[in-house]
1. Taking interchain pairs and intrachain pairs at least six residues apart, which have beta carbon atoms under 7 angstrom, with the first residue in the range 244-273 and within 16 Å of residue 313 (Cβ to Cβ) and the second surrounded by fewer than 14 Cβ atoms within 10 Å (Cβ to Cβ) and at pLDDT below 75?
2. Taking the range 105-121 on its own, how many of its residues are out of contact with any strand residue (DSSP E or B) (no Cβ under 7 Å at 6 or more places or on another chain) and either free of Cβ contacts under 8 Å to residues at least 24 places away in the same chain or not assigned by TED's automatic domain parsing to the domain that holds residue 74 (or both)?
3. From the residues in the range 104-129 that are surrounded by 17 or more Cβ atoms within 10 Å (Cβ to Cβ) and farther than 23 Å from residue 35 by Cβ, which one is nearest to the chain's Cα centre (by Cα)?
4. Is one or more of the residues making up the range 56-69 in a strand (DSSP E or B), surrounded by 12 or more Cβ atoms within 10 Å (Cβ to Cβ) and either modelled with pLDDT of 70 or more or not assigned by TED's automatic domain parsing to the domain that holds residue 97 (or both)?
5. Taking the condition over 29 Å from residue 122 (Cα atoms), assigned by TED's automatic domain parsing to the domain that holds residue 123, modelled with pLDDT of 75 or more and surrounded by 13 or more Cβ atoms within 10 Å (Cβ to Cβ), does residue 100 pass?
6. For a quick check of your reading: which strands (runs of 3 or more DSSP E) sit entirely within the range 303-412 and have at least 2 residues that are crowded, with 19+ Cβ neighbours inside 10 Å and modelled with pLDDT of 85 or more?
7. Within the range 14-30, does at least one residue satisfy the condition of being surrounded by fewer than 15 Cβ atoms within 10 Å (Cβ to Cβ) and at pLDDT below 70?
């Protein structure tokens, strides 16, 4: 887990940042106070004392010089201090730090010198103390922040774990919490219950549809088989055989779709040659082109084997071909088989850009008036592709119309 992006890390960072800002403000305030003390109690006091000493010396008085002060006149001023401008100066002489006040009266230059080394040491210790307190405060804030963040995030972590394991309904303590975590837990429990109910209804629906379709399909298949054995006309035999073959395939498709909806992990995945599947689906879609000046072609120079369920592949290819044949009024519908992909392209009117982004969603249809589908075909193609580990994509065909590409999963 990336702590910088996790909620725990962001809470800890916010607490530490707040402590750092507050500590820095207090440290800055302490430094300003120390500097103010130095200016008030050293510079101003030294200025007043120097004025008295200089006036006393000029008048020939006998005012005693305080022990911490030294007064020098003209040549008595140390060489390192002679070039200083009039006013107060803080000078570091190496072995000590002095505060020097330079004044000139009547052509005479005076220097009043005070040793402030002890005060500078106190100031340094104060700065070190303020810095140490700041660092200690930040470290303490970090420790408190991590502990507090763990306690705050613990319910969310438990809730996330329960969502991952699918047992949100069992988190009764979290759901009874009066805070935001409890609100979130109750919302997740309600959503989980709704999804479970929807899933249950979907499974029942698919089971019912499968059962209700299998019975009439079985009857139609049996009737077609009996009809095939009794007919003598070659033309009628072809029609009856087509009914029987199509009904048999419909039964297999219903079983495959039911398996995809209920237990997709139990689908039979075997090595499958693609050219026979393509030829069967092309023949099944040829009646859709009757009365149209449309050429349906297959470009498959070499056989390609894929690991897939035959019925699912037929469903995906059949939906792509059926859409292409229904939407194309003239021109060509081309199926091209490559080593790693299958391409189905047509010269139809194409798909508007406003629809392309949502085309693989259920019940989304193009704006072609000749297409009469419910908008489920491409959604089924996408589900089949995802189950097989394939990738379906849409792009504009060079000659106009649309081009769908089914990229196969790499061979193991």
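1. 259/266
2. Matching residues across the range 105-121 total 3.
3. Checked the range 104-129; the qualifying residue nearest to the chain's Cα centre (by Cα) is 111.
4. In the first step, residues of the range 56-69 are kept if they are in a strand (DSSP E or B); the result is 69.
Retained after the next criterion (residues that are surrounded by 12 or more Cβ atoms within 10 Å (Cβ to Cβ)): 69.
Now drop any that are not either modelled with pLDDT of 70 or more or not assigned by TED's automatic domain parsing to the domain that holds residue 97 (or both), which leaves 69.
Within the range 56-69, one or more residues are in a strand (DSSP E or B), surrounded by 12 or more Cβ atoms within 10 Å (Cβ to Cβ) and either modelled with pLDDT of 70 or more or not assigned by TED's automatic domain parsing to the domain that holds residue 97 (or both).
5. Details: over 29 Å from residue 122 (Cα atoms): no; assigned by TED's automatic domain parsing to the domain that holds residue 123: yes; modelled with pLDDT of 75 or more: yes; surrounded by 13 or more Cβ atoms within 10 Å (Cβ to Cβ): yes.
Spelling it out, it is not the case that residue 100 is over 29 Å from residue 122 (Cα atoms), assigned by TED's automatic domain parsing to the domain that holds residue 123, modelled with pLDDT of 75 or more and surrounded by 13 or more Cβ atoms within 10 Å (Cβ to Cβ).
6. Values: elements: 305-308, 330-337, 341-346, 391-396, 402-407.
Of the strands (runs of 3 or more DSSP E) lying wholly inside the range 303-412, those with at least 2 residues that are crowded, with 19+ Cβ neighbours inside 10 Å and modelled with pLDDT of 85 or more span 305-308, 330-337, 341-346, 402-407.
7. Step one: list which residues in the range 14-30 are surrounded by fewer than 15 Cβ atoms within 10 Å (Cβ to Cβ), which gives 14, 17-18, 21-22, 24-26, 28-29.
From what is left, the residues that are at pLDDT below 70 are none.
No, the range 14-30 has no match at all.
The values are calculated or read from the model by the stated rules, or taken from the named source; none is laboratory data. This is a predicted model, so every value here is computed, not measured. Cβ atoms come from the backbone with ideal geometry, glycine included; neighbour counts cover every protein chain shown.
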